[in-house]
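Only one structure is covered here, and it is reproduced in the block below.
Laboratory data are not the source of any read-out in this text; all were calculated from the coordinates shown. All values derive from a computational prediction rather than experimental measurement. Cβ sites come from the backbone with ideal geometry, for glycine too, and all protein chains shown count toward neighbours.
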Amino acid sequence: MDTKIIPAADETAVITAAVHLTSGNLVGLPTETVYGLGANGLNPEAVAKIFQVKGRPQDNPLILHIADPEQMELFCKDIPDSAYRLAEAFWPGPLTMVLPAKDIVPLSTRAGLPTVAVRCPDCEITRRIIRAASVPVAAPSANISGKPSTTTAQHVYHDHAGKIPLIVDGGACQVGVESTIVDLTEERPRLLRPGGITPEALIAVLGDLIIDKAVTAQIDKDEVVKAPGMKYRHYAPAEPVIIVSGSREKAAAYIHCHFEPGDRVLCFEEELPLYADCNPLSYGQEADVSTLSAGLFAALRELDDSSIGKVYARCPTGGGIAYAVQNRLQKAAAFHIVDAEVTA
Ligand code: AMP
Ligand code: MG
């Protein structure tokens, strides 16, 4: 199969993508978070192709993307007031809500769960495509399962050339990490995945938030979890990643002491001079954490190379969007973290 990349500015992009979706084909789509691998979310055969092309485990449900916030009512039932307040505050935007599903949502889209994850993305071209197709678009991140997510059309092409007919090129994703996921099906709202909408912003609207264990710790393969995707290996390059926390000086001392030929350092732009002899790669500025979230996955993909030994990574601290960057890097590192303040 020939894989075509069509620029979002091309006047035929919307109709071409919509026709592929309604024909049951997969389309690589830009969003403000990461690129998605989209299919008609109401068509089980089309949805099955997503799992097949990505190599995604069948028990890992998809996010249903809608063009306008009101469409939430078409696919969800028993919607609590909190969902309307979150939609009002953050949609269109990088927030996914887990709600009780209506029967119209096929079981394959929600991996057999009674709930469905919905999001209205803040990406004009993709919302226009969803509107033109007149179906909600089920889309996980477009990367091959387990690998770092896709934040450019070229990343999608790299992973799926010859396997999907079309990728819409909307440029590099602004947020760069996947959406925040909040489960609203229990008594208290629960954060299943941090992202562009920060825990602080959620609490300001909800007044309450439980952080799910899957956010902060490695989940055992056999454990029953709220967010089925969270138990799988994620975002990981081919070689081991070790996060080195602590002050700039202590971390540099630790890394220089343990660095071996073939290893790499993933650091902040401000730290590049410290690692001149360690083949460093910067993923953004520590002083502007949004550049770190925007640059993380492209950097992890660049480091996805089995000839590399180990990657020593520096991770931002604190809340806000840094919390999402920590979560993705910790998962890429399988929670292997060394505190350079206490370890020499
Ligand atoms: P991805 O788009 O590849 O980042 O994957 C979507 C994420 O949404 C996965 O981690 C899923 O576990 C999560 N998700 C989707 N639907 C549900 C649901 N009904 N309940 C809990 N988590 C969900
Ligand atoms: Mg993903």
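Just want the answer: with Cβ charges of +1 for Lys and Arg and -1 for Asp and Glu, which residue in Ala89, His65, His20 is farthest toward the dipole's positive end in the stretch 7-99?
Projecting each Cα onto the dipole axis, the largest value belongs to His20.
Which value, in debye to the nearest 20, describes the size of the charge dipole of the stretch 111-190 about its Cα centre when Lys and Arg Cβ atoms bear +1, Asp and Glu Cβ atoms bear -1, and nothing else is charged?
Dipole magnitude for the stretch 111-190 comes out near 160 debye.
Would you mind checking the tilt of helix 289-302 against the longest principal axis of the Cα atoms of the chain, expressed as 0 to 90 degrees and rounded to 10?
90
For Phe268, what charge total do you get from the other residues with a beta carbon under 12 Å from its beta carbon, if Lys and Arg give +1 and Asp and Glu give -1?
Numbers: positive: Arg248, Arg314; negative: Glu269, Glu270, Glu271, Glu286, Asp288.
Net local charge, Phe268 excluded: -3.
Please rank Met72, Met1, fewest neighbouring Cβ atoms within 10 Å first, as an exposure proxy.
Met1, Met72
I'm checking a number: the convex hull volume of the Cα atoms of the stretch 17-129, normalised per residue, in Å³. What is it?
Output value, Cα hull per residue: 91 Å³.
Check cross-link reach from Lys147 to the aspartates and glutamates: straight Cα distance under 14 Å, and skip same-chain residues fewer than eight apart.
Within the straight-line limit of under 14 Å, Lys147 reaches these aspartates and glutamates: Asp159, Glu178, Glu239, Glu302, Asp304, Asp305.
Can you work out the Karplus-derived ³J(HN,Hα) for every residue in the stretch 256-271? Use 6.51 cos²θ - 1.76 cosθ + 1.60 with θ = phi - 60°, whole Hz, and x for glycine or proline.
So the Karplus estimates, Gly and Pro as x, are 4, 6, 9, 4, 10, x, x, 6, 10, 10, 9, 9, 7, 4, 4, 9 Hz.
To one decimal place, what Kirkwood hydrodynamic radius in Å is obtained for the chain from all pairs of distinct Cα atoms?
20.4
Can you give the FRET efficiency for Lys163 and Ala334, using 1/(1 + (r/R0)^6), R0 = 30 Å, r = Cβ-Cβ distance, to the nearest 0.05?
Values: r = 28 Å, r/R0 = 0.93.
The computed FRET efficiency comes out at 0.60.
Say we join alpha carbon atoms closer than 10 Å with springs in a Gaussian network model of the chain; which of Pro140, Pro30, Pro92 then has the biggest fluctuation?
Pro92
Taking 29 Å as the cut-off for C-alpha to C-alpha distance, list the pairs among Lys213/Lys310; Lys163/Lys213; Lys49/Lys310; Lys4/Lys226; Lys102/Lys331 that go past it. Could the numbers behind the result be given before it?
On the way: Lys213/Lys310 27 Å; Lys163/Lys213 35 Å; Lys49/Lys310 34 Å; Lys4/Lys226 37 Å; Lys102/Lys331 32 Å.
Pairs exceeding 29 Å: Lys163/Lys213; Lys49/Lys310; Lys4/Lys226; Lys102/Lys331.
Mean-square fluctuation check for the chain, GNM, Cα pairs under 10 Å: which of Leu113, Leu29, Leu95 is largest?
Leu113
For the Cα atoms of the chain, what angle does the longest principal axis make with the long axis of helix 321-332, in degrees from 0 to 90, nearest 10?
Approximately 80 degrees, to the nearest ten.
Please state the charge dipole magnitude for the chain, taken about the Cα centre, from unit charges on C-beta atoms (+1 on K and R, -1 on D and E), reported in debye and rounded to the nearest 20.
Approximately 800 debye in magnitude.
What list of ³J(HN,Hα) values in whole Hz, one per residue of the stretch 239-253 in order, does the Karplus curve 6.51 cos²θ - 1.76 cosθ + 1.60 (θ = phi - 60°) give from phi, with Gly and Pro shown as x?
Values, residue by residue: 9, x, 10, 10, 7, 10, 9, x, 5, 3, 5, 5, 5, 5, 5 Hz.
Gain in length, Glu187 to Ile203, computed as 0.36 nm per residue apart minus the alpha-carbon separation, to one decimal in nm?
Taking Glu187 through Ile203 to full extension adds about 4.3 nm, to one decimal.
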